[in-house]
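*Asks:* Got a structure for you, written out below as structure tokens; questions coming shortly.
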């Protein structure tokens, strides 16, 4: 049963990964995510269902369009595979169907936001909405409304203050407005202390990577996506909390 659950969760994740790649591709081009149907960007032909099976179609077609032979961007299969892993991850660390769905859609939305930020430095609002809805329902089931509200407040307020201070001192953005939006569902899901932990971890990770890039000769003015660091920190806190069955936080609850 466990093996079957893992397999089905992976398939479930790849299906949503296919939809997620559509969201990333189309929202960054100002297109509707509903119509027109999926088509090859090179020859414009509508793709039949057999050309859209997650992962399998890409492998069978050799990473090329079945009509014109144009190379398919590997970001599609990468997104589908990572979404499949997200499905397995949510299955392993959930104790009911409801918690699986809430955990999956929360983590899946953050994954799609991460991919979009890496590729385009753009945040699809739809995934912010899905992540927030999943997080709020999750906390409603847990019954900890106070912690949820405090989490949302701290999740938005800290990066917002950094944004305003950086703009005031250096006359430019030090953190994107999209990063602030991403911290809203994170705050709702994790609550005050864990959200603060996640922000600290993501800032440390981002600073470390930025330092390495500077050493390698990258311009100080170059834009570096921050959502991937938030996502990595979310996964770390999510994983460690469930493995050790304890809250992972830098700031003890008694301080607030």
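The values are calculated or read from the model by the stated rules, or taken from the named source; none is laboratory data. All values derive from a computational prediction rather than experimental measurement. Note that we place each Cβ from the backbone using ideal geometry, even for glycine, and neighbour counts take in every protein chain shown.
*Asks:* Is it the case that some residue within region 173-180 is more than 18 Å from the chain's Cα centre (by Cα), more than 29 Å from residue 78 (Cα to Cα) and not in a helix (DSSP H, G or I)?
*Replies:* Within region 173-180 (the criterion being more than 18 Å from the chain's Cα centre (by Cα), more than 29 Å from residue 78 (Cα to Cα) and not in a helix (DSSP H, G or I)), the answer is yes, since at least one residue qualifies.
*Asks:* Could I ask something else about it? Restricting to region 55-68, give me the number of residues that are within 28 Å of the chain's Cα centre (by Cα), in contact (Cβ under 8 Å) with a residue 24 or more places away in the chain and under 15 Å from residue 39 (Cα atoms).
*Replies:* Summing the residues that are within 28 Å of the chain's Cα centre (by Cα), in contact (Cβ under 8 Å) with a residue 24 or more places away in the chain and under 15 Å from residue 39 (Cα atoms) in region 55-68 gives 1.
*Asks:* Name every residue in region 49-68 that is in a loop (DSSP other than H, G, I, E, B) and either touching a helix residue (DSSP H, G or I) at 6+ places or on another chain (Cβ under 9 Å) or within 18 Å of residue 84 (Cα to Cα) (or both), in order of residue number.
*Replies:* Within region 49-68, 52, 53, 54, 55, 61, 63, 65, 66, 67 meet the criteria.
*Asks:* Among 128, 158, 123, 112, which is the only one that is modelled with pLDDT under 95, in a helix (DSSP H, G or I) and surrounded by 14 or more Cβ atoms within 10 Å (Cβ to Cβ)?
*Replies:* Going through 128, 158, 123, 112 in turn, the sole match is 158.
*Asks:* Also, I was wondering about something else. Please verify whether region 165-172 includes one or more residues that are touching a residue at least 24 places away in the same chain (Cβ under 8 Å) and either out of contact with any helix residue (DSSP H, G or I) (no Cβ under 7 Å at 6 or more places or on another chain) or closer than 20 Å to residue 227 by Cα (or both).
*Replies:* Looking for residues that are touching a residue at least 24 places away in the same chain (Cβ under 8 Å) and either out of contact with any helix residue (DSSP H, G or I) (no Cβ under 7 Å at 6 or more places or on another chain) or closer than 20 Å to residue 227 by Cα (or both), one finds none in region 165-172, hence no.
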